[in-house]
Amino acid sequence: MSATRNAALAALLALTAGAAAAQDTKPEWATSQWGPDDEIGAANTMTPERIKSAAGLVTEGKMYSLGMIVGSDTPAFPPRSLSVTVLQPNQTETSGLGENAFTYNDDIFMGWLGIGPQIDGLGHAGVDHMYYNGHTVDEFAGAAGLSKLGLEKLPGLVGRGVMLDMAKHFGTDMVEEGTPYTEDDIKAAAEAQGVSIGEGDIVLFNSNWMNLLDGDAPDPERFGAAEPGLGVSGAEYLASLGVMAVGADTWGMEVVPAEEEGQAFRAHQILQPEHGIYILENMDTRELAQDGVHEFLFVLGQARIKGAVQMIINPIAIR
């Protein structure tokens with residue numbers, strides 16, 4: 001009887017240990033190709049040779065500001081919001097500082113850093129609380145800031161930019177919400193628009209969705225309720241090419257509603273935790289599209305706030 005109990009206990013312990021080991025097993029994507037200590041993901045493809053090559057794309061010196069203007073009324077993913085308060089510190093009852101009456105304005109920003117034109121750092125999107133390179137939320141995502149994957153680790157993004165005009169691809173003034181950019185769409189648009197996509201590129205999609213904010217018939221409610229954008233097969237295709245960042249002229253970059261009912265921001269998961277690719281949202285690509293510019297030097301130097309998940313940005317495209 002004792003031997004039987006011991007055998008049963010041993011079996012139970014083995015089963016429990018097996019279940020615990022299964023829980024501790026991380027998916028294959030949780031091991032970065034750039035090593036266990038890597039925190040910048042696809043930014044590792046930003047080599048001096050690629051930067052020099054991208055700089056060679058500048059032939060006219062024309063600059064395009066990709067960051068949309070953002071204010072307290074900008075539609076944002078709930079519950080995000082922002083406000084700016086301008087003050088004249090310690091000057092309300094004086095002529096200012098010094099005999100020369102130096103006066104100045106200061107501003108206080110209160111809000112979310114993931115609003116308007118933004119970059120999603122690699123600590124943003126996860127799969128069941130697991131993030132890029134296998135980091136789990138309890139390991140690195142404290143309320144006072146990320147201890148790993150913070151945007152201060154990213155030196156910036158410089159490289160070859162590629163803009164695919166999806167409004168032109170679909171033959172419409174503005175791509176409808178719920179329209180996914182599939183692998184086939186991306187390949188067809190790139191071929192028709194005479195551009196290729198390669199490792200280390202920053203790929204931007206234009207849909208003219210921002211016309212809903214400042215066009216002839218503004219509809220900010222529609223702008224923020226849904227959107228066209230990158231689909232699952234499109235995300236997998238771009239990841240297979242080794243791109244550095246993917247952006248769009250919409251608030252969430254990927255298609256909403258999702259292609260498959262019950263899925264939520266699956267393209268974010270493919271790009272960020274699974275491949276270390278940065279996401280750029282609310283990029284104003286309309287002027288690039290109007291000028292027919294599909295290849296350019298892309299330059300981004302984000303604020304390096306320690307532990308930040310996202311950041312409001314204004315990248316520059318130069319042709």
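Quick one: net charge of residue 215's neighbours, Cβ under 10 Å, K/R +1, D/E -1?
-3
Which one of 245, 226, 258 has its Cα pushed farthest toward the positive end of the charge dipole of the stretch 215-258, where Lys and Arg give +1 and Asp and Glu give -1 at the Cβ?
245
Of the residues 95, 65, 233, which exhibits the maximal mean-square fluctuation in a Gaussian network model of the chain defined by a 10 Å Cα contact cut-off?
95
Could you give the length gained by full extension between residue 264 and residue 291, i.e. 0.36 nm per residue of separation minus their alpha carbon distance, to one decimal place?
Here the segment from residue 264 to residue 291 would lengthen by 6.3 nm.
What are the extents of the Cα atoms of the stretch 140-254 along their three principal axes, listed from largest to smallest and rounded to whole Å?
45, 34, 23
Using helices alone, I'd like the mean residue ellipticity at 222 nm for the chain: each DSSP H run of four-plus residues gives -39500 (n - 2.57), total over residue count, nearest 500.
-7000 deg cm²/dmol
Please check: in the Gaussian network model of the chain (C-alpha springs, under 10 Å), which one of 134, 161, 142 has the largest mean-square fluctuation.
142
With 10 angstrom as the radius, rank 86, 203, 127, 256 by how many other C-beta atoms surround their C-beta, starting from the fewest.
The fewest-first ordering by Cβ neighbours comes to 86, 127, 256, 203.
Using a Cα-Cα cut-off of under 24 Å, which lysines could be cross-linked to residue 148, ignoring same-chain neighbours fewer than 8 residues away?
Filter leaves 26, 306.
On full extension of the chain, what length is gained from residue 173 through residue 109, given 0.36 nm per residue of separation minus the C-alpha to C-alpha distance?
Fully extending the segment from residue 173 to residue 109 adds 19.5 nm.
Could you identify which residue out of 92, 25, 47 has the top mean-square fluctuation in a GNM of the chain using Cα springs shorter than 10 Å?
Greatest mean-square fluctuation among the candidates belongs to 92.
Expected output is a single nm value to one decimal: the length gained when fully extending between residue 139 and residue 86, i.e. 0.36 nm times separation in residues minus the C-alpha distance. What is it?
Answer, rounded to one decimal: 15.3 nm.
Give me the percent relative contact order of the stretch 79-189, please, defined on Cα pairs under 8 angstrom at least 6 residues apart.
17 percent
Could you give the angle, 0 to 90 degrees to the nearest 10, between helix 2-24's Cα long axis and the longest principal axis of the Cα atoms of the chain?
Taking Cα atoms only, the helix is inclined about 10 degrees.
For the chain, which span is the longest to avoid every loop-located (per DSSP) member of GluC sites (Glu not before Pro) having at most 11 other Cβ atoms inside 10 Å?
100-259
Quick one, which of [x] 34, 25, 19; [y] 47, 29, 18; [z] 39, 29, 20 is the actual semi-axes √(5λ) of the Cα gyration tensor in Å calculated for this model?
The calculated read-out lines up with [z].
Since every read-out is calculated from the coordinates, none of them should be taken as a lab result. All values derive from a computational prediction rather than experimental measurement. Please note: Cβ atoms are built from the backbone with ideal geometry, for glycine as well, and neighbour counts cover all protein chains shown.
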